[in-house]
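The values are calculated or read from the model by the stated rules, or taken from the named source; none is laboratory data. For clarity, every value in this text was computed on a predicted model and none was experimentally measured. Here the Cβ is made from the backbone with ideal geometry for all residues, glycine too, and neighbour counts use every protein chain on show.
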Amino acid sequence: MNFQTLQKVEKSQFYLDVAIRKGKKEAQKIRESIKGDRLKKTVIIESERIKAVGRVLHGELSSIVRNFPKVDELDDFYKELVKCTIDYNKLKKSFGAVNWADQQSERLGRIYYGKIRASKDVKAVYTHKNSYYGRVSSTVNQIKDELEFLESARKILKRFPSIKTGLTTIVIAGFPNVGKTTLLRSITGSEPEIAPYPFTTQGLMIGYANINGKKVQFIDTPGLLDRPLEKRNRIELQSMLALKYLADAIIFVIDPTETCGYDVDEQLQLLEDVRKNFKIKVTIAINKHDISEKQQITYIKEKTEKHEITEISAEKGIGLKELLEKIGQNGFLA
Ligand SMILES: Nc1nc2c(ncn2[C@@H]2O[C@H](COP(=O)(O)OP(=O)(O)O)[C@@H](O)[C@H]2O)c(=O)[nH]1
Ligand SMILES: [Mg+2]
């Protein structure tokens, strides 16, 4: 899903100005081409002006609602992100308000078009035109706050990551400096793309690899799955857990040497948190095989008896094939 191209939602006065300018142009065009007495000409000019104004307003207001993504139709992953970053009720109410203003201005257009057409003198024509302008302006200005809210929502959506939700996706988790990014690079053989993510400054790192002829997406999540979950507020947690709608499996990277700066017990605690919260396949990669000691590995193995473990060195490219094979055993890489 790509939210970058979403069109800006302008202030109410902007739409009125555009519409009124268009009305003026239309009126000028007609004035040059029609003949008849003053009343007849004025009636035609002003009724066509109103029509043009209404057309523009309808075009602008309806396209705001049409172009915005329908939250209900989004993938669960994006739906979840919307829920934790945007006031969903307010969003729905704002769309309702824009629809209301759209219908209301159409109604006013019809009413005043009729009044102008039926006018018996020039002065009445202008009175009706001015009333129309007054009422339509007040209608559009009434949704001023809603338009501003939609624009702020658009700016948030713009910062959503563009992620291919249809691809098989493996999320890489673990404390900082355990070797997640190194692993992503060596699996995918390229520099990761960076995609923004709510509540993190570093962004998701995304890479792709071909496994058994199938394109698989790998996502490294700095700032997300790299510290105890209990330390996060509810909203942060929710935005992080949105990843479960995306991920088919998690590779949890452990640094047995503790050179990352976190001891193994802390890392195992996070592993348990992740397993409990995500409820998808979690496979363990014990990294830095090139510098680790045997008893460090044994300790982890004892503590994680029932888990699937692969010893790797992300940097030296050791054990990666075996790791990917184990992920593939789940069936989704077949
Ligand atoms: N010796 C050794 N160092 C590694 C290995 N993998 C990563 N590192 C080092 O660990 C540090 C942190 O790696 P990085 O991938 O940035 O960790 P991240 O914070 O989890 O993404 C870097 O200095 C890497 O060079 C490995 O297999 N062996
Ligand atoms: Mg990293």
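For (1) away from ligand 2 (no atom under 13 Å from the Cβ); (2) surrounded by fewer than 20 Cβ atoms within 10 Å (Cβ to Cβ); (3) free of Cβ contacts under 8 Å to residues at least 12 places away in the same chain, each residue gets a yes or a no:
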| residue | (1), (2), (3) |
| --- | --- |
| Val178 | no, no, no |
| Ile194 | no, yes, no |
| Phe199 | yes, yes, no |
| Ile206 | no, no, no |
| Asn210 | yes, yes, yes |
| Val216 | yes, no, no |
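Take Thr169 and decide whether it is β-branched (Val, Ile, Thr) and within 16 Å of ligand 2 (Cβ to nearest atom). Judged against the criteria, Thr169 is not a match.
For region 65-94, the set of residues classified as farther than 30 Å from Leu167 by Cα and either touching a residue at least 40 places away in the same chain (Cβ under 8 Å) or aliphatic (A, V, I, L, M) (or both) consists of Lys90, Lys93, Ser94, listed by residue number. Would you call Glu73 surrounded by 15 or more Cβ atoms within 10 Å (Cβ to Cβ) and either in contact with a helix residue (DSSP H, G or I) (Cβ under 7 Å, 6 or more places away or on another chain) or on the phi < 0 side of the Ramachandran plot (or both)? Considered against the rule, which asks whether it is surrounded by 15 or more Cβ atoms within 10 Å (Cβ to Cβ) and either in contact with a helix residue (DSSP H, G or I) (Cβ under 7 Å, 6 or more places away or on another chain) or on the phi < 0 side of the Ramachandran plot (or both), Glu73 comes out as no. Reported count of residues in region 263-302, each being more than 14 Å from ligand 1 (Cβ to nearest atom) and assigned to a loop (DSSP other than H, G, I, E, B), is 3. Among the residues of region 250-257, are any within 12 Å of ligand 1 (Cβ to nearest atom), among the aromatic types (Phe, Trp, Tyr), closer than 21 Å to Thr182 by Cα and not in a strand (DSSP E or B)? No: region 250-257 contains no residue that is within 12 Å of ligand 1 (Cβ to nearest atom), among the aromatic types (Phe, Trp, Tyr), closer than 21 Å to Thr182 by Cα and not in a strand (DSSP E or B).
Taken together, the criteria exclude Gln13 from residues that are outside any helix (DSSP H, G or I), surrounded by fewer than 16 Cβ atoms within 10 Å (Cβ to Cβ) and in contact (Cβ under 8 Å) with a residue 60 or more places away in the chain.
Of the numbered criteria (1) under 24 Å from the mean Cα position of the chain (by Cα); (2) surrounded by 12 or more Cβ atoms within 10 Å (Cβ to Cβ), the one Thr5 fails is (2). For region 278-299, a tally of residues being in contact (Cβ under 8 Å) with a residue 40 or more places away in the chain and out of contact with any helix residue (DSSP H, G or I) (no Cβ under 6 Å at 6 or more places or on another chain) returns 6. Test Ile30 against the criterion of being over 20 Å from Gln7 (Cβ atoms) and either more than 39 Å from the chain's Cα centre (by Cα) or crowded, with 17+ Cβ neighbours inside 10 Å (or both), and give yes or no. Yes; evaluated as a whole, the condition is true for this residue.
One residue stands out in region 303-321 among those that are modelled with pLDDT of 95 or more and not hydrophobic (A, V, I, L, M, F, W, C): the one that is farthest from ligand 1 (Cβ to nearest atom), namely Thr310. Filtered by the rule that a residue be in a helix (DSSP H, G or I) and either of a type in the set (Asp, Glu) or surrounded by 20 or more Cβ atoms within 10 Å (Cβ to Cβ) (or both), region 218-240 gives Glu230, Glu236, Ser239, Met240. The condition of being among the basic types (Lys, Arg) and surrounded by fewer than 17 Cβ atoms within 10 Å (Cβ to Cβ) does not hold for Arg154.
Could you tell me whether any residue of region 171-179 is among the small types (Gly, Ala, Ser) and in contact with a Gly (Cβ under 7 Å, 6 or more places away or on another chain)? No, every residue in region 171-179 fails to be among the small types (Gly, Ala, Ser) and in contact with a Gly (Cβ under 7 Å, 6 or more places away or on another chain).
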